[in-house]
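Shown next, in structure tokens, is the structure this report addresses.
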Amino acid sequence: MAIQALSILIPTYNDRCVRLVDSLRQQTGAVGISYEILVGDDGSTDAAVIADNQQISQWPCCRYLRQSVNSGRAAIRNLLVREARYDYVLFIDSDMTVISNLFISRYLSAVCDSAVIDGGVSIDGDPSVLSGNLRYLYECAEAPKHTAPERQKNPWQHLHTANLLVRRDLMLRYPFDERFRHYGYEDVLLGKTFRQHRIAIEHIDNPVGFSTFESNPDFVAKTEEGLRTLSQFRHDLRGYSRMLTFVSGIHIPAVLWLIRLWHRLFWKAERRNLCGSRPSLFLFKLYRLGYFLSH
């Protein structure tokens, strides 16, 4: 049965969403289905961003839902699911862009066969401008691992909510784990939950664009936050994180001790490089490993 209605859910925190919402509402309105776009503001603190996003509620079928306090990445997504009216929900991160005029219609043609569909992300940006941006360099290096065929090889491990279509009843039955308040891995645990309940995931080539790259210091801080989240939930995420798999494969205690020692001695120098204008991806990998093993 073809989909007749769609709820598009955009969690946000201090991100301007007006352009994204406008693109989505124009596309969804053009395909002739019932739809709604819900933007869930999880306690944003930037008054200018809030003022800009409030105009979203003036558009038909669009709502800007603002919370006064930050409830966490999992909780805001669960709230949006509960607020949604329609049987299918499409999660899109607020810092993404719509890069294809066929974005919505591709999902509508694929949804007949699957309850969970991951469309993926495409890295966009000017290399001449972003050559010193660590996030951009990292995402470009990782991009070959995130094509639809590659993701489909391990479909549950590659579930990401940056661009995810799913039946609403599944999200009500298996909501995001609200222990995940900080950055990272709430979607990874959802993938594990779907696998445990034998819910298939289809990965298709229908990406949104990723073109907003934070500064190097901000990305390093976000990476550290994600690694702390991974450490906190390491038992829940075993088998679903490359970092955990790599660390568990190191069976010589002296090697782990040496990595921790290296990090203790050189983390400041590594961090200076990563936050500077010529960051090294090799040092980034080394820094991530040492940081994780030290927390």
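The values are calculated or read from the model by the stated rules, or taken from the named source; none is laboratory data. Small disclaimer: the values here were computed from a predicted structure and weren't measured. Reconstructed Cβ throughout: ideal geometry from the backbone, glycine too, with neighbour counts over all protein chains shown. When the accessible area is computed, the model is the full protein with side chains, heavy atoms only, and any ligands, DNA or RNA have been set aside. Shrake-Rupley method; radii C 1.70, N 1.55, O 1.52, S 1.80 Å.
In whole angstrom, how far apart do the alpha carbon centroids of the range 96-120 and the range 215-247 sit?
Using only Cα atoms to place each centre, the spacing works out to 28 Å.
Against the longest principal axis of the chain, how steep is helix 186-196, in degrees 0 to 90 to the nearest 10, with axes from Cα atoms?
80 degrees
Identify the residues of the range 235-263 with backbone N under 13 Å of a label point that sits 7 angstrom from the Cα of K145 along the Cα-to-Cβ direction, or state none.
Under 13 Å, as judged by backbone N against the label point of K145, lie 240-247 of the range 235-263.
Using only the alpha-carbon atoms, how far is helix 281-293 inclined from the longest principal axis of the chain? Give it as 0 to 90 degrees, nearest 10.
80 degrees
Identify which of V18, V247, V39 has the largest mean-square fluctuation in a Gaussian network model of the chain, with springs joining Cα atoms closer than 10 Å.
V247
Treating only the Cβ of Lys, Arg, Asp and Glu as charged (+1, +1, -1, -1), what charge dipole size does the chain show about its Cα centre? Round to the nearest 20 debye. Mind showing how you got there, number by number?
Numbers: 35 positive and 31 negative charges, 214 e Å.
My answer is approximately 1020 debye.
Please work out the average accessible area per residue across the range 188-295, using the 1.4 Å probe convention, and give it in Å².
Accessible area per residue, the range 188-295: 55 Å².
Within the range 125-168, name every residue whose backbone N is under 15 Å away from a label modeled 7 Å from Cα of I33 along the Cβ vector.
So the set is 164-168.
Between S280 and D22, take the C-beta separation as r, use R0 = 45 Å, and let me know the FRET efficiency to the nearest 0.05. Working shown, then result.
Details: r = 39 Å, r/R0 = 0.86.
E(calc), rounded to 0.05, equals 0.70.
Could I have the simple spin-label model distance between H182 and S294, label points 7 Å from Cα toward Cβ, reported in nm to one decimal?
Once both label points are built, they end up 1.5 nm from each other.
Calculate what fraction, in whole %, of the accessible area of the range 212-295 sits on carbon and sulfur atoms when a 1.4 Å probe is rolled over the protein chains. List each step's numbers first, then the result.
Values: 3060 of 4950 Å².
Using a 1.4 Å probe with all protein chains present, the range 212-295 comes out at 62 percent carbon and sulfur.
Could you check what % of the DSSP bridge pairs in the chain are antiparallel, to the nearest 5?
Of all bridge pairs located within the chain, approximately 30 percent are antiparallel.
Report the rotationally averaged projected area of the range 80-156 based on its alpha-carbon convex hull, in square nanometres.
Over every viewing direction, the Cα hull of the range 80-156 projects on average to 7.0 nm².
Test of understanding: in a Gaussian network model of the chain with alpha carbons linked when under 10 Å, which of L230, L65, L102 would top the mean-square fluctuation ranking?
L102
Which one of Q54, Q196, Q157 has the biggest mean-square fluctuation once the chain is modelled by GNM with Cα springs under 10 Å?
Q196
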